[in-house]
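Enquirer: This structure is in structure tokens; I'll ask about it shortly.
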Amino acid sequence: MKLLISFTFLFVTLNLPSVATCTPVSSETVKIEQDTLVYTHHNEVVGTPPQYVGGEKQLLTYVQKATRYPASCVKKKVTGRVVVRFTVTTKGRIRGVHVLKSSGNKDLDAEAVRVASSIPGKWKPGLDKKGRKIATSFNLPFRFMIQ
């Protein structure tokens with residue numbers, strides 16, 4: 001049985017969607033897809049989105065390596081999609097990690113929150129249209145699948 005965890009990042013950055021696929025790093029099959037990312041500040045799309053200081057590739061690699069399919073879900077063949085939301089502060093830190101959209105399974109939800117909460121390093125904060133630093137919401141979807 002192969003495990004497939006995919007992460008679909010929802011960004012809006014200059015309306016340029018992109019797709020990235022990473023190679024598996026363990027015996028699990030891990031697929032990371034990147035669509036359009038949505039960054040918001042008070043429900044408005046920001047001028048410049050926050051950026052992970054190590055770069056997007058390093059962020060995706062960390063999330064890929066850190067995510068573990070919960071054993072309880074593997075046994076029961078539970079799959080699902082979790083959307084986690086957090087805020088990138090004006091100081092470039094992650095705060096307020098929570099489940100925005102539940103998979104319906106507490107173990108999948110908890111794993112997504114654990115991984116998002118443990119992202120190391122700093123971020124360059126988002127900027128408003130006048131170039132001022134702003135706290136920005138970031139949605140990070142996780143798709144847990146068993147093949």
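The values are calculated or read from the model by the stated rules, or taken from the named source; none is laboratory data. This one's a predicted model, so the numbers in the text were calculated from it and none came from an experiment. Heads up, the Cβs are rebuilt from the backbone with ideal geometry, glycines too, and the neighbour counts pull from every protein chain shown. Heads up: the accessible areas ignore ligands, DNA and RNA and are worked out on the full protein's heavy atoms, side chains in. Shrake-Rupley method; radii C 1.70, N 1.55, O 1.52, S 1.80 Å.
Enquirer: Here are some conditions: (1) at pLDDT below 90; (2) surrounded by 17 or more Cβ atoms within 10 Å (Cβ to Cβ). Tyr69 meets all but one. Which one does it not meet?
Expert: In the conditions (1) at pLDDT below 90; (2) surrounded by 17 or more Cβ atoms within 10 Å (Cβ to Cβ), Tyr69 misses (1) alone.
Enquirer: Only residues that are touching a Ser or Thr at 6+ places or on another chain (Cβ under 9 Å) and surrounded by 17 or more Cβ atoms within 10 Å (Cβ to Cβ): list them for the stretch 52-66, please.
Expert: Tyr62
Enquirer: Which pairs turn up if I take residues in the stretch 98-121 that are closer than 13 Å to Thr79 by Cα and β-branched (Val, Ile, Thr) and look for partners that are surrounded by fewer than 17 Cβ atoms within 10 Å (Cβ to Cβ) and at pLDDT 95 or above with beta carbon separation below 7 Å, at least 6 apart in sequence or on another chain?
Expert: From the stretch 98-121, no pairs qualify.
Enquirer: Considering only residues that are of a type in the set (Gly, Ala, Ser), assigned to a loop (DSSP other than H, G, I, E, B) and in contact with a strand residue (DSSP E or B) (Cβ under 8 Å, 6 or more places away or on another chain), which ones fall in the stretch 71-124?
Expert: Correct list: Gly92, Ser102, Ser103, Gly104, Gly121.
Enquirer: Has the stretch 132-143 got any residue that is outside any strand (DSSP E or B), at pLDDT below 90 and open to solvent by less than 40 Å² (accessible area, probe 1.4 Å)?
Expert: Checking the stretch 132-143: not a single residue is outside any strand (DSSP E or B), at pLDDT below 90 and open to solvent by less than 40 Å² (accessible area, probe 1.4 Å).
Enquirer: Does the stretch 79-89 contain any residue that is within 23 Å of Gly55 (Cβ to Cβ), open to solvent by less than 40 Å² (accessible area, probe 1.4 Å) and among the small types (Gly, Ala, Ser)?
Expert: Within the stretch 79-89, not a single residue is within 23 Å of Gly55 (Cβ to Cβ), open to solvent by less than 40 Å² (accessible area, probe 1.4 Å) and among the small types (Gly, Ala, Ser).
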